[in-house]
Structures are given as structure tokens and as C-alpha cells.
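Contents: one structure, followed by commentary.
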Amino acid sequence: MKILLLSFLLLLSGGLLMAQEYTVNGNATRDNCHCYTLTPNQLTQSGSVWNNIKIDLSQSFDFVFDINLGCSDAGADGIAFVLQPISTSVGSTGGGLGFEGVTPSVGITIDTYQNTDASSNDPTYDHIAIQLNGNINHLNASTNIAGPVTALKTAVGIPLKYNGMLQQNK
């Protein structure tokens with residue numbers, strides 16, 4: 001009985017630690033242990049999930065994640081994978097991808113909607129880019145460090161590797 005109770009408490013405390021690893025904001029929901037929905041399929045929704053554990057950028061790390069942006073081309077706007085030291089709040093909405101204006105930061109933006117305002121210079125196609133300091137303007141050479149490149153519908157997984165010794169993404 002004691003072993004069963006101890007096992008239950010260890011499982012329960014492990015689940016609580018896992019739940020505290022991430023902060024969920026806005027319309028985002030935790031679906032299961034490693035799966036989150038950022039927004040439901042509705043207009044004017046925004047959500048974010050932030051890791052509460054800071055990453056030491058002097059050390060190498062790998063992130064591999066899958067995303068599902070739905071099956072309708074009528075949706076908007078996309079998502080961003082962001083590294084920033086500021087907060088775990090929801091961030092900007094719409095074309096800002098939860099990333100616009102967050103400084104200092106680096107974001108891998110996955111943009112599925114062409115915003116026609118002059119400040120973003122969004123291409124007409126779904127695209128991926130690496131951008132700095134919450135500046136989503138693709139023509140800004142100092143903050144748009146890679147892309148935009150076409151996001152392929154057939155791509156599986158998004159590997160992100162960071163070499164802490166060389167201070168570079170792969």
C-alpha cells in the first residue's frame with residue numbers, strides 16, 4: 001500500500017512539474033502532456049505557450065517540433081518560435097505573430113497570411129523567416145537574418161539546432 005501511494009504521489013508531482021514547465025496565455029489550451037492548441041478555429045483569437053525554463057545560450061540545444069496550422073487556407077496569421085528573456089505574456093496579435101515589438105529576441109516566424117500593410121512587406125506565399133527583436137519587416141536587413149522562404153505543405157517536422165560554442169543556428 002505504501003509503495004502504491006508513493007508511486008501515485010510521484011506521478012502526481014511529476015505531472016505538476018510538467019504543467020509548471022510552460023505558461024499558457026490567451027486562447028491557448030493544453031491538450032495533453034506535449035500538445036497545445038494556440039487558438040481555436042475562430043476569428044480574432046490569440047494565444048501563446050512559453051517555456052518557463054530559461055535556455056542558456058552559451059550551451060548547445062536542439063528543439064524538434066511538429067506544427068499543424070489547420071487545413072483551411074482562409075486562416076491567419078501564423079506562429080513564431082521565439083527566444084526572449086522578457087516575459088511569458090501573450091505577446092502581439094494578428095500579423096505580429098506574438099513576436100512583434102519584443103526586444104531583445106530572435107524568432108523563427110511561420111507566416112501563413114499576407115498582411116498588406118507596408119510595415120511587414122509580407123510575400124504572397126506562406127513562408128518561414130528568422131527575424132530579430134520583434135521586427136517583422138522582411139526588408140529590414142539588420143533584423144531579417146534569413147528568409148523569407150516558401151513553407152512547403154509536404155515538410156515534416158521543424159528541427160532547430162543551436163550551437164552554443166559557435167553561437168549559431170543550424
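Details
- Checked against the criterion of being open to solvent by 30 Å² or more (accessible area, probe 1.4 Å) and farther than 20 Å from Thr29 by Cα, the candidates Asn137, Asn68, Asn52 yield just one match: Asn137.
- Condition met for Leu38 (open to solvent by 60 Å² or more (accessible area, probe 1.4 Å) and either among the acidic types (Asp, Glu) or out of contact with any helix residue (DSSP H, G or I) (no Cβ under 8 Å at 6 or more places or on another chain) (or both)): no
- The stretch 102-121, subset open to solvent by 70 Å² or more (accessible area, probe 1.4 Å) and among the hydroxyl-bearing types (Ser, Thr, Tyr), residue farthest from the chain's Cα centre (by Cα): Thr116
- Restricted to strands (runs of 3 or more DSSP E) entirely inside the stretch 1-49, those with at least 2 residues that are at pLDDT 85 or above and either at positive phi or hydroxyl-bearing (Ser, Thr, Tyr) (or both) are 22-26, 35-37.
The values are calculated or read from the model by the stated rules, or taken from the named source; none is laboratory data. None of these values were measured; they are calculated from a predicted model. Ideal geometry is used to build each Cβ from the backbone, glycine not excepted, and the neighbour counts take in all protein chains shown. Each accessible area value is taken on the protein alone, full model and side chains, heavy atoms only, with ligands, DNA and RNA left out. Shrake-Rupley method; radii C 1.70, N 1.55, O 1.52, S 1.80 Å.
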